[in-house]
Amino acid sequence: MQHKIMRDALIEELYKKMHTDERIFFLSADFGSPVLDKLRDRFKGRFINVGIAEQNLINISTGLALEGFTVYAYAISAFITMRAYEQIRTNLALHSKTRELNVNLIGVGAGLSYNVSGPTHHCLEDISIMRVFPNFTVFSPSDWVLLERFVDYTTAVKSPKYLRLEGKPVEGIYGEGDKFRFEHGFHELIPGSAICLVSTGYMTHVALKVAREFRDKGVDIGVIDVFMLKPLDEERLYGALRNYGRVITLEEAFINCGGLDSLVTAVLNDNGAGIKVKRLGFKEYIFDIGSRERLHGISGLDEKSISKCVEECLLNK
């Protein structure tokens, strides 16, 4: 299927919506793209570049939302979440408990998207820190098709959201015939029974490659793509996971810190399941520079390391 940059797919959909919905504002923290140029030129009165000032980005977005506008705030993932964390907490998470605030934070560069820029631009903390906030949606799509479909959700659900986007072009995973509901929070891309690879974002592409490799050998490996890290239908997720013998979580984020691995482990523990979980992700910041595959290899998150983990789980049932 076609490869696309997630942010371009999202901005194209918003560009279409802004023609008919005059209450949509798009704000940027001095962060652009060729597709954004078209939106900025066409809707000059509803596009605001706040400059390199992510904290003010949240302040202005909150003010517009309080006036009833639907707001999209656009910046690099590591900066919009961590540089403006207090403003997100106070202006959005706390304020949204008493007022309707439809602010959609678009964070581009999740995980190791900016692999050659070093740890200052890597974003390994965002899943953990954004899941903490009450009344907040944390969306982590694996492809641009899923993201395009999510645009209607962003306008309909009038509460703060964080969209955790991959920065590089990705292949489409979902097709027009795939049926799922965002309210469920996940989709079982490949049903199985032996081992389930539970992944989010970019890592779903890696999970699919590993699963297909083993399925070609006759091993029944499944893949569950968790695209809604909050809220999530935990009962339904447990219903899918209980069919497996073992679970391996995959995320381009810190593990043992409240991320995807913690979410999955909590669901299994709360239901008294005896299913063992292996967590794969990052434990430290990555100071090496190189390709994404190289950085994954250093951290045990590449295809070879994941395959080895699967083999070990099969041997130690």
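Quick note: the coordinates plus some simple rules give every number you see, no bench work behind them. A quick note: this is a predicted structure, and the numbers were derived from the prediction, not measured. Every residue, glycine among them, receives a Cβ derived from its backbone with ideal geometry; neighbour counts consider all protein chains shown.
Descriptive notes on the structure:
- Full extension of the chain between Lys158 and Glu22 gives 47.4 nm of extra length, using 0.36 nm per residue less the Cα-Cα distance.
- Solvent-free Debye scattering, log10 I(q)/I(0), computed from the Cα coordinates of the stretch 186-315 at q = 0.13, 0.21 Å⁻¹: -0.49, -1.27
- Cross-link table Lys209/Lys278; Lys44/Lys97; Lys168/Lys209; Lys38/Lys209, entries beyond 24 Å C-alpha to C-alpha: Lys44/Lys97; Lys38/Lys209
- Spin-label model, Asp270 to Lys304: label points 7 Å out along the Cα-to-beta-carbon direction sit 3.9 nm apart.
- Classified by the C-alpha gyration tensor, the stretch 1-127 has an oblate form. Its axis ratio a/c, with a ≥ b ≥ c, is 1.5 or above, and a/b does not exceed b/c.
- Put in order of Cβ neighbour count within 10 Å, fewest first, the listed residues Ser140, Ser262 become Ser262, Ser140.
- Within the shell defined by Cβ-Cβ distances under 12 Å, the residues around Ile127 carry a net charge of -2, with Lys and Arg each +1 and Asp and Glu each -1.
- Of the peptides 300-308, 170-178, the ranking by mean beta-carbon count within 10 Å, highest at the top, reads 300-308, 170-178.
- In the chain, Cα pairs under 8 Å separated by at least six residues give a relative contact order of 16 percent.
- Projecting the Cα positions of Gln2, Met130, Thr249 onto the charge dipole of the chain (unit charges on Cβ atoms of Lys, Arg, Asp and Glu, taken about the Cα centre) puts Met130 furthest along the positive direction.
- Sorted by Cβ density within 10 Å, fewest first, the residues Thr200, Thr249: Thr249, Thr200
- Cβ crowding within 10 Å, taken as a proxy for footprinting-reagent exposure, orders Leu314, Leu124, Leu268, Leu146 from fewest neighbours to most as Leu314, Leu268, Leu146, Leu124.
- Dipole size of the stretch 27-185 about its Cα centre, with +1 on Lys/Arg Cβ and -1 on Asp/Glu Cβ: approximately 380 debye, rounded to the nearest 20.
- Descending Cα extents along the principal axes, the chain, whole Å: 61, 40, 37
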